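Notes follow the structure.
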Amino acid sequence: MSKILNFSCSPTWLEGAGADGKPAGLPRFSMVAYTGALMRLAFWRYPVIVDLAGMEIPSQKRPIRMGHDSDQGVGHSESIAVEGGQLIATGVVSRDTPAAKDVVSSSRNGFPWQASIGASAEIVEFVKEKERVVVNGREVDGPVNVVRKSVLGEISFVDLGADGATSASVAASKRGDAAKAKEPNMETEGKDGEGKVEAAAPVAAVEIETKIDLSGVRAEAAGEIKRIAEVQKIAAKHPEIAAKAIAEVWDATKTELEVMRADRPTAPAVHASSGEAMTGKTLECAVAISAKMGGVEKDFDAKTIEAADKRFRGGIGLQELLLEAAWANGYTGRTFRDTREILRFAFGRQDVSAGFSSVDIGGILSNVANKNLLAGFSSVEQTWRAICAIRNVKDFKTVTSYRMTSADQYEKVGPGGEIKHGTLGEESFTNKADTYAKMFGITRQDIINDDLGALTDIPRRLGRGAGLKLNDVIWTAFMDNASFFSGTGKYISGSNTNLSVVGLEIGKVAFDGKTDSDGKPLGAQAKILLVPSALSVTGAVLMKSLEIRDNTANTKTPTANPFAGAFQLESSAYLGNSAYAGYSALAWYLLDDPLDIATIEVAFLNGQESPTIESTDADFDTLGIRSRGYHDFGVAKQDARGGLKSKGAA
């Protein structure tokens, strides 16, 4: 999206003699439209410099206006060129408007008009602090916005523009007799309705003559370059002071005094802001944009996104984030020198009696971190979600559930309408949530290196660590099942129990034959086929192939696959990993839907399935920011009747 730039220099005047076909006495002008130097513009946080090498001039004849108002035309340009790193424009006052007359008359009276250029910024490069670029033949230190590509729109006369270093030098004189002109004054009178036109008094046509002295302009530009170089040298360690000194045309003495004030430890510093109050949402959005996190449009409204983009167009760094939070909470330092003090203010640990503490950097870091934490948590294997029942618990106490029995069957209601009470089964299952946690830190070195990536890398690692721990606890419990699946209908073994059509047939028959405590059919239905990674391809073939062909001689096996689509296939790398007791690359499982009969259950505190991360500044003896992730959950095996294990071998 292009941005309109308005910046100014000073025009000078030259009388038109009429030799070029223009009416005699028509005022002409010549101006240095832009000196090629740094400018302070409204709505731009850092100084702006336009690279004249990348400025497109659509036409030599551009509109000349007053105050960028299209309704206040003054004339047009005839020549626009880049000379010596400056934009030079000449033209003629060709409009017959009050604005044109005001410009000519005021110039004759010695008013120091300035010129302001309206251009669209197509490509903007942000140069960070401590970086340097060469623009318009001069070295420029960041932070600064370099407009690499722009399109010139119009030029306007203004009484005060962005470039206050220049002033108009007008030398005007009357020549010849005043030209006579008539301005009609319409009046209507008489009963006959006829109109009468009377001529007003003659008006003198003013001719403006100005001597153009380009050598003076060049000398002025050279002096400006020298001033900027001196300012940058004096304020080399204070880029904000240097930028302000250049924009406000400070001399070397004033700049040096300001630097001395800033270096005083006890002197309060001044933080120049854009005038808009900084909010935590804006900072959080700026971090999300800079870190290229997905879902920015979903997490933030359009106004917040626009504010973050405008305030931090070049992206926000870790240091800038902490400084912005500290400034919002009353910190008065200018630069990132006192890390401990900045962190104290950023995390709202200063004296809040002055009414500050409006931005919670801990909350911002936690919100940003939780988005990356979830990405890391979801990046690991999620097979557990298919086989585990999920319970919501409100505290860390042990919770109990009971096995259903045949006594829970409905009974016929007698003529009197009495309904008999059911009873809980004698067999029960328990579970209990515990807390698992880990702490990482953003070190002082990360902060000094301005490593914004630490805000995304560490939370992702914490999230991944939480996901791995959850898997570890779940599969450790599930695979410790030597006695859990023992018994009729819950365990099969033998050479023909390998994962095949025959093996699945044996397993299904055993699963369907399960009975309750009264010896009646349990009614459980196998829904899930769970296999180790080594059997995932075999499982996919059995679940998806419509035909299973046996190429051995004299085979009598039918080709139709009776198990195509019969079960939901799930695979886990944990089942065949030797680090876990009970591992096997051959064993496979048939499981009921965990919502019906759960073989294993995960309990989450308050239903929070994903981990949580919190951030704060480190203790006094440590410089940096601490981030801790924690996850409250518990895992326990439940009802073995909801599953069947096949050894897959003899």
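The requirement of being among the small types (Gly, Ala, Ser) and surrounded by fewer than 17 Cβ atoms within 10 Å (Cβ to Cβ) is not satisfied by residue 36.
Counting residues in segment 500-515 that are among the basic types (Lys, Arg), touching a helix residue (DSSP H, G or I) at 6+ places or on another chain (Cβ under 7 Å) and more than 25 Å from residue 382 (Cα to Cα) gives one or more. Annotation: of all residues in segment 604-650 being of a type in the set (S, T, N, Q) and under 24 Å from residue 433 (Cα atoms), the one that is modelled with the lowest pLDDT is 615. Quick one: in segment 327-343, of everything that is in contact with an Asp or Glu (Cβ under 8 Å, 6 or more places away or on another chain) and either crowded, with 21+ Cβ neighbours inside 10 Å or small (Gly, Ala, Ser) (or both), which residue is farthest from residue 282 (Cα to Cα)? Of everything passing the filter in segment 327-343, 333 is farthest from residue 282 (Cα to Cα).
Restricting the search to strands (runs of 3 or more DSSP E) fully inside segment 1-119 and requiring at least 2 residues that are of a type outside the set (Gly, Ala, Ser) and at pLDDT 85 or above gives 48-50, 63-66, 69-83, 86-92. Kindly indicate whether residue 221 is crowded, with 19+ Cβ neighbours inside 10 Å, modelled with pLDDT under 85, of a type outside the set (Asp, Glu) and out of contact with any helix residue (DSSP H, G or I) (no Cβ under 6 Å at 6 or more places or on another chain). Yes. Return the residues of segment 362-387 that are within 26 Å of residue 643 (Cβ to Cβ) and surrounded by 20 or more Cβ atoms within 10 Å (Cβ to Cβ); say none if nothing qualifies. Within segment 362-387, 384, 387 meet the criteria. Among the residues of segment 477-530, the ones that are outside the structural domain of residue 595 (by TED's automatic domain parsing) and assigned to a helix (DSSP H, G or I) come to 3 in all.
Within the group 535, 590, 542, 530, which residue is crowded, with 17+ Cβ neighbours inside 10 Å, more than 17 Å from residue 383 (Cα to Cα) and touching a Phe, Trp or Tyr at 6+ places or on another chain (Cβ under 7 Å)?
542
Condition check for residue 306 on (1) at pLDDT 85 or above; (2) among the charged types (D, E, K, R); (3) in contact with a Ser or Thr (Cβ under 9 Å, 6 or more places away or on another chain): one failure, at (3).
As a summary of the residue check, residue 579 satisfies the conditions (1) in contact with a helix residue (DSSP H, G or I) (Cβ under 7 Å, 6 or more places away or on another chain); (2) modelled with pLDDT of 95 or more except for the one numbered (1).
Please pick out the residue among 129, 125 that is surrounded by fewer than 18 Cβ atoms within 10 Å (Cβ to Cβ), part of a loop (DSSP other than H, G, I, E, B) and at pLDDT 85 or above. Answer to the check: 129.
If you go through segment 478-499 and pick out every residue that is within 30 Å of residue 549 (Cβ to Cβ) and surrounded by 16 or more Cβ atoms within 10 Å (Cβ to Cβ), you end up with 4. Among the residues of segment 628-647, how many are of a type in the set (Phe, Trp, Tyr) and over 18 Å from residue 600 (Cβ atoms)? Qualifying residue count, segment 628-647: 1. Of all the listed residues (94, 77, 59), the sole one being hydroxyl-bearing (Ser, Thr, Tyr) and surrounded by fewer than 16 Cβ atoms within 10 Å (Cβ to Cβ) is 59. A search for C-beta distances below 9 Å between a residue of segment 49-74 that is in contact (Cβ under 8 Å) with a residue 12 or more places away in the chain and closer than 27 Å to residue 228 by Cα and any residue that is assigned to a strand (DSSP E or B) and among the aromatic types (Phe, Trp, Tyr), counting only pairs 6+ apart in sequence or on different chains, returns 50/7; 50/34; 52/34; 55/34.
The values are calculated or read from the model by the stated rules, or taken from the named source; none is laboratory data. Computed from a predicted model, the values in this text were never measured in an experiment. We place every Cβ from the backbone using ideal geometry, glycine too, and count neighbours over all the protein chains shown.
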